[in-house]
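Participant: Input: one structure, supplied below.
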Amino acid sequence: MAADAMNEERFVLRNARHLAADYMIRTLREGDIAIDATMGNGHDTQFLCGLVGACGHVYAFDVQQSAIDNTHARLEAADMSERATLILDGHQNMANHVKETVRAVMFNLGWLPGAAHAVTTKVETTLQAVNAAAQLLVPGGVMTICVYPGHEEGSRELAALLEWAGALNVRTYNVLHHHFICAAPGTPRLILVQKNL
Ligand SMILES: C[S@@+](CC[C@H](N)C(=O)[O-])C[C@H]1O[C@@H](n2cnc3c(N)ncnc32)[C@H](O)[C@@H]1O
């Protein structure tokens, strides 16, 4: 084993968001193009900008102006604002804005912690968005979808996403569903979709 790999932190099983981040670290390299489909306060956008580096680019979507403002401020403070395009539009319209293929797409569904619960992702638009994202992936590209079945719309999203993902063509996509089984019923899930090489 290479010395670098031996010096990496040991694996800790935490939650769906951390698993999604681990997959992004394994997937993205400097110069890659990625999408943050649910920008929120920009934590994930900044994380992706760090992974794709100064030569890469991140397209980030949200329907709330406050998400754009907060993410812009976060990226400015990190000197990364050049690496991202912040788009005030629903992720279901991503193909109107992203005219190139991408290496990774990250969805962190639900509502913004601390903000109005009414502005949550919704099953119909979420399905449109994951379909659009699947089309944009390069071979080997990865989509992570964190789903929160602990609330009503999240529970509908989970059911619809599992049906959607289970029906993908196995010759084109490989799909994994992380389900924490020693946990409360509403514990977040991770669905991972990779376009085959
Ligand atoms: C759980 S938060 C995302 C957290 C974010 N990734 C972060 O790092 O702070 C979900 C976000 O999805 C946004 N959202 C809801 N419907 C959307 C849609 N149709 N398209 C894009 N974003 C949407 C909400 O406004 C909210 O900011």
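Participant: Could you tell me whether the stretch 2-12 includes any residue that is more than 9 Å from the ligand (Cβ to nearest atom), surrounded by 21 or more Cβ atoms within 10 Å (Cβ to Cβ) and in a helix (DSSP H, G or I)? First the steps, then the outcome.
Facilitator: Applying the first criterion (more than 9 Å from the ligand (Cβ to nearest atom)) to the stretch 2-12 yields 2-12.
Filter once more, keeping what is surrounded by 21 or more Cβ atoms within 10 Å (Cβ to Cβ): none.
Scanning the stretch 2-12 turns up no residue that is more than 9 Å from the ligand (Cβ to nearest atom), surrounded by 21 or more Cβ atoms within 10 Å (Cβ to Cβ) and in a helix (DSSP H, G or I).
Participant: Could you check, for the stretch 98-108, whether at least one of its residues is modelled with pLDDT of 95 or more, of a type in the set (Gly, Ala, Ser) and under 17 Å from the mean Cα position of the chain (by Cα)? Write out each step before concluding.
Facilitator: Residues of the stretch 98-108 that are modelled with pLDDT of 95 or more, as a first pass: 98-108.
Retained after the next criterion (residues that are of a type in the set (Gly, Ala, Ser)): 104.
Applying the additional criterion that residues be under 17 Å from the mean Cα position of the chain (by Cα) yields 104.
The answer is yes; a qualifying residue exists.
Participant: Would you mind stating whether Thr45 is touching a residue at least 12 places away in the same chain (Cβ under 8 Å), in contact with a Gly (Cβ under 6 Å, 6 or more places away or on another chain) and assigned to a helix (DSSP H, G or I)? Don't jump to the end; show me each part of the working.
Facilitator: Working: touching a residue at least 12 places away in the same chain (Cβ under 8 Å): yes; in contact with a Gly (Cβ under 6 Å, 6 or more places away or on another chain): no; assigned to a helix (DSSP H, G or I): yes.
Taking the combined requirement at face value, the residue does not satisfy it.
Participant: Are any of the residues in the stretch 56-71 touching a His at 6+ places or on another chain (Cβ under 6 Å) and of a type in the set (Gly, Ala, Ser)? Please lay out each step first, then the result.
Facilitator: Step one: list which residues in the stretch 56-71 are touching a His at 6+ places or on another chain (Cβ under 6 Å), which gives 61.
In the following step, the residues that additionally are of a type in the set (Gly, Ala, Ser) were identified as none.
Checked the stretch 56-71: no residue is touching a His at 6+ places or on another chain (Cβ under 6 Å) and of a type in the set (Gly, Ala, Ser).
Participant: With Ala60, Ala73, Ala34 as the choices, which residue is within 13 Å of the ligand (Cβ to nearest atom), at pLDDT 95 or above and part of a helix (DSSP H, G or I)? Give the derivation first.
Facilitator: Details: Ala60 fails: part of a helix (DSSP H, G or I); Ala34 fails: part of a helix (DSSP H, G or I).
On inspection, the qualifying residue turns out to be Ala73.
The values are calculated or read from the model by the stated rules, or taken from the named source; none is laboratory data. Worth saying up front: this structure is predicted, and the values here are computed from it rather than measured. Glycine also receives a Cβ, built like all others from the backbone with ideal geometry; neighbour counts cover every protein chain displayed.
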